[in-house]
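Input: a single structure, listed below in structure tokens.
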2 protein chains.
Amino acid sequence: MRKYNFFAGPSTLPVEVLEELKENMVDYKGMGMSLIETSHRSKEYDEVHNDAVGLVKELLGLPDNYKVIFLGGGATLQFTMVPSNLMIGSRTADYTLTGSWAKKAYDDAAKLGNAVVAYDGKENKYTELPSNVSLSEDSSYLHITSNETIGGLQWKNFPDTGDVPLVADMSSDILSRPLPVEKFGMIYAGAQKNLGPAGATLAIIRDDLLERSSDDLTAYLNYSIHADKNSLYNTPPVFSIYAVMLVLKRLKALGGLDVVEKMNREKADLIYNVIDSSKGFYKCPVQRENRSLMNIVFTMENEDFEKDFVSKASAIGMVGLKGHRSVGGCRASVYNSMPIEGAKALADFMKDFAAGK
Amino acid sequence: MRKYNFFAGPSTLPVEVLEELKENMVDYKGMGMSLIETSHRSKEYDEVHNDAVGLVKELLGLPDNYKVIFLGGGATLQFTMVPSNLMIGSRTADYTLTGSWAKKAYDDAAKLGNAVVAYDGKENKYTELPSNVSLSEDSSYLHITSNETIGGLQWKNFPDTGDVPLVADMSSDILSRPLPVEKFGMIYAGAQKNLGPAGATLAIIRDDLLERSSDDLTAYLNYSIHADKNSLYNTPPVFSIYAVMLVLKRLKALGGLDVVEKMNREKADLIYNVIDSSKGFYKCPVQRENRSLMNIVFTMENEDFEKDFVSKASAIGMVGLKGHRSVGGCRASVYNSMPIEGAKALADFMKDFAAGK
């Protein structure tokens, strides 16, 4: 029986995509070999690669002055590459500290330039997001983490930054909703939550920011090289990009990001509604306006209840509900590829579990 | 019909490995989901990950003071990471220029410190390798490229470097032969030639060199962080590491690297013998002692012959025989996973083709 997989990443994939990967694993569309064996410069891979790039552009409605590239190393490598490429002049950049991932991005930036804390959610224990952010004079960019996987909070409106480019780590909510893309100078995301399997990282960069990449940068770290070579400067993570392409094709077939957002809201509402009507049995620490539609975190009155919950859920086929080891509690990750039936099953189980205590 | 795939990378994989990947793509060993959907901290992935690490150690007979890590970004990212981590003191390091890949490694190092050209094969058009190399005073390491995929030449004996660590890019011949591992301070390799599909990079580093990683390095670029966290500091390229593990298991089952080398020699000999007995119809530009067992390059008297050769071979199911676009000619890549039948089929075709001209 297929399980409902609430892992925060790597995370559930559409079963149709897995079936198609399986179908083509040994012999890709009758070419007599697997796609993962063919040259990354073959016409078969070229088509997959360009389809993946094209679907990102189409789904997000990207204007022509944005480039789409695929890299390796996860979002973590982007914590290095963003400041390495985009810090200019006094090398000052603003960072919002909204949780664990934002902090990691900031820590790396602080090693490469003058990273300024534009907002720190420490006082509210990272359960709120600011309504706006004031920027440093001479700021090269403002960095935000659009969704915090561990804390379960998500930006709903993005800060106005005027001429200062807005850069967002969207690893855990990319393509989960329509975006005002023109507000962003750069968006990046590890694939393994909403896009596909681990191994590929998506980066979307506005042309004027590509001009910031200095010739002093080594090759792999230079965005402008990857953009010029259509992400084929070196061998890309072929399998992951292929799987991402299949996931994106499905999002398009579903009707695009408006439909996807509606589905995500419906799934998240099912679970938040149980939390909110549980008379305090379940508690979500995140301020209501900033609750994530992707990662729903909740606690119970004691750890034994939480352990029991995770274990009983797992026994009936719902896995990955343990909160991140750094914060404890429970967490249900309901990314794009989680079917509504999974969210319903979890909501029902949560009601039953609370009633039985 | 399954083709014989002579691509230089990504390259052919054992069909048994592809079958196993297929078998487990939707439901990994009955766990109710794919391995690529599960958390990288799950017990199922943990086993795969540690098996991959353990098999590298076992196959190479690594002493305990070497760490095995898996990264993303390909060998190209290592061109940045090697000097970033290993250059110390005056930041001087020696590089041997033996072809296109070595040159790329050098170019990046020259941006990060004092990279010294310890050998340049330019005069012999990169068709020979030096018997020994003299090192700079205060050298942090000597870098070599153990096999040049494009030029088709391979180090057979490795230079003596005394106390200076020897660092090798073995992307195109890793695990193709037994190695005197104690001679090396570090070995790295992109997966997509001898190890598995693109997306993972293997790095093997001696403990004392891990101590060189400065705290000033950003997280992803720091070898010591990856080694401390057993390559789980961030989400690793799960699918590629899984496939690498399956390839390594097969190498072990074949009998280990002595057997693998014997098979590789047999395959390469079949093809070199046709070249050498063709009375000049086929020419291999590489000095005999340094001919690669992995990438066999050859030319014919004119380009039309070469085009005809590649096209006729392709028509009967042998693909990927075109030389790299930067050098032209033909190239047969016969990595570990190329079956002997493929090398035989190619050798026979080469004889027929020459006879028909």
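Quick look at the numbers
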quantity: A:G196 small (G, A, S), under 29 Å from B:A105 (Cβ atoms) and crowded, with 24+ Cβ neighbours inside 10 Å; calculated: no
quantity: Number of positions in the range A:39-55 that are more than 17 Å from A:K229 (Cβ to Cβ) and touching a residue at least 24 places away in the same chain (Cβ under 8 Å); calculated: 2
quantity: Hits in the range B:178-196 (condition: within 26 Å of A:V238 (Cβ to Cβ) and either over 16 Å from the mean Cα position of the chain (by Cα) or outside the structural domain of B:M87 (by TED's automatic domain parsing) (or both)); calculated: none
quantity: All positions within the range A:226-255 that are out of contact with any helix residue (DSSP H, G or I) (no Cβ under 9 Å at 6 or more places or on another chain) and within 23 Å of A:T38 (Cα to Cα); calculated: A:H226, A:K229
quantity: Pairs, first of a type in the set (D, E) in the range B:254-269, second surrounded by fewer than 14 Cβ atoms within 10 Å (Cβ to Cβ), C-beta under 8 Å, six or more apart; calculated: B:E266/B:I340
quantity: Qualifying residue in the range B:241-249 (condition: touching a residue at least 60 places away in the same chain (Cβ under 8 Å), more than 18 Å from the chain's Cα centre (by Cα) and more than 14 Å from chain A (Cβ to nearest Cβ)); calculated: no
quantity: Test: B:N85 is more than 7 Å from every other protein chain (Cβ to nearest Cβ) and at pLDDT 95 or above; calculated: yes
quantity: Of all residues making up the range A:31-65, the number that are more than 25 Å from the chain's Cα centre (by Cα) and hydrophobic (A, V, I, L, M, F, W, C); calculated: 3
quantity: Members of the range B:316-335 that are under 21 Å from B:K125 (Cβ atoms), surrounded by 20 or more Cβ atoms within 10 Å (Cβ to Cβ) and within 11 Å of chain A (Cβ to nearest Cβ); calculated: B:K322, B:S333
quantity: Options B:I271, B:I296: the member that is under 20 Å from B:D173 (Cβ atoms), at pLDDT 95 or above, within 18 Å of the chain's Cα centre (by Cα) and buried (at least 19 other Cβ atoms within 10 Å of the Cβ); calculated: B:I296
quantity: Hits in the range A:205-243 - residues which are closer than 10 Å to A:L71 by Cα, outside any loop (DSSP other than H, G, I, E, B) and of a type in the set (S, T, Y); calculated: A:Y223
quantity: Subset tally (residues that are assigned to a helix (DSSP H, G or I), more than 7 Å from chain B (Cβ to nearest Cβ) and more than 18 Å from B:H324 (Cβ to Cβ)) for the range A:31-59; calculated: 15
quantity: The range A:299-314, subset touching a residue at least 12 places away in the same chain (Cβ under 8 Å) and outside any helix (DSSP H, G or I), residue surrounded by the most Cβ atoms within 10 Å (Cβ to Cβ); calculated: A:M300
quantity: Among residues of the range B:60-80, those that are closer than 16 Å to A:L71 by Cα and assigned to a helix (DSSP H, G or I), counted; calculated: 7
quantity: Enumeration of residues in the range B:136-165 that are of a type outside the set (S, T, Y) and surrounded by 21 or more Cβ atoms within 10 Å (Cβ to Cβ); calculated: B:L142, B:H143, B:I144, B:N147, B:E148, B:G151, B:G152, B:L153, B:Q154, B:P159, B:P165
quantity: All positions within the range B:275-293 that are under 25 Å from the mean Cα position of the chain (by Cα) and either in a strand (DSSP E or B) or closer than 20 Å to B:D348 by Cβ (or both); calculated: B:I275, B:K283, B:C284, B:R291, B:L293
quantity: Pick from the range A:299-314, criterion closer than 22 Å to B:G32 by Cα and among the hydroxyl-bearing types (S, T, Y), ranking: nearest to the chain's Cα centre (by Cα); calculated: A:S314
quantity: Which listed residue, of A:T218, A:T145, A:T201, is within 22 Å of A:G9 (Cα to Cα) and within 14 Å of another protein chain (Cβ to nearest Cβ); calculated: A:T201
quantity: Enumeration of residues in the range A:332-356 that are assigned to a loop (DSSP other than H, G, I, E, B) and either closer than 14 Å to A:S176 by Cα or among the polar types (S, T, N, Q) (or both); calculated: A:V334, A:Y335, A:N336, A:S337, A:M338, A:P339
quantity: Counted residues, the range A:8-30 - those being more than 25 Å from the chain's Cα centre (by Cα), touching a residue at least 12 places away in the same chain (Cβ under 8 Å) and facing chain B (nearest Cβ under 7 Å); calculated: 0
quantity: Within the range B:197-238, considering residues that are basic (K, R) and more than 20 Å from the chain's Cα centre (by Cα), the one nearest to A:S100 (Cα to Cα); calculated: B:K229
quantity: Criterion violated by B:T127 - all others in (1) among the polar types (S, T, N, Q); (2) surrounded by 22 or more Cβ atoms within 10 Å (Cβ to Cβ); (3) touching a strand residue (DSSP E or B) at 6+ places or on another chain (Cβ under 8 Å) satisfied; calculated: (2)
quantity: Complete set of residues in the range A:315-330 that are under 14 Å from A:Y4 (Cβ atoms) and in contact (Cβ under 8 Å) with a residue 60 or more places away in the chain; calculated: A:G317, A:M318, A:V319, A:G320, A:L321
quantity: Matching residues, the range B:88-114, being farther than 20 Å from B:S172 by Cα, facing chain A (nearest Cβ under 10 Å) and among the charged types (D, E, K, R); calculated: B:K111
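Yes/no per residue for (1) of a type in the set (S, T, N, Q); (2) touching a His at 6+ places or on another chain (Cβ under 8 Å); (3) farther than 30 Å from A:I340 by Cα:
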residue: A:G30; (1), (2), (3): no, no, yes
residue: A:K43; (1), (2), (3): no, no, yes
residue: A:P63; (1), (2), (3): no, no, yes
residue: A:G74; (1), (2), (3): no, no, no
residue: A:V82; (1), (2), (3): no, yes, yes
residue: A:T92; (1), (2), (3): yes, no, yes
residue: A:E123; (1), (2), (3): no, no, yes
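The values are calculated or read from the model by the stated rules, or taken from the named source; none is laboratory data. These numbers were taken from a predicted model, which means no experiment stands behind them. For neighbour counting, all protein chains shown are included, and Cβ atoms are generated from backbone atoms with ideal geometry for every residue, glycine included.
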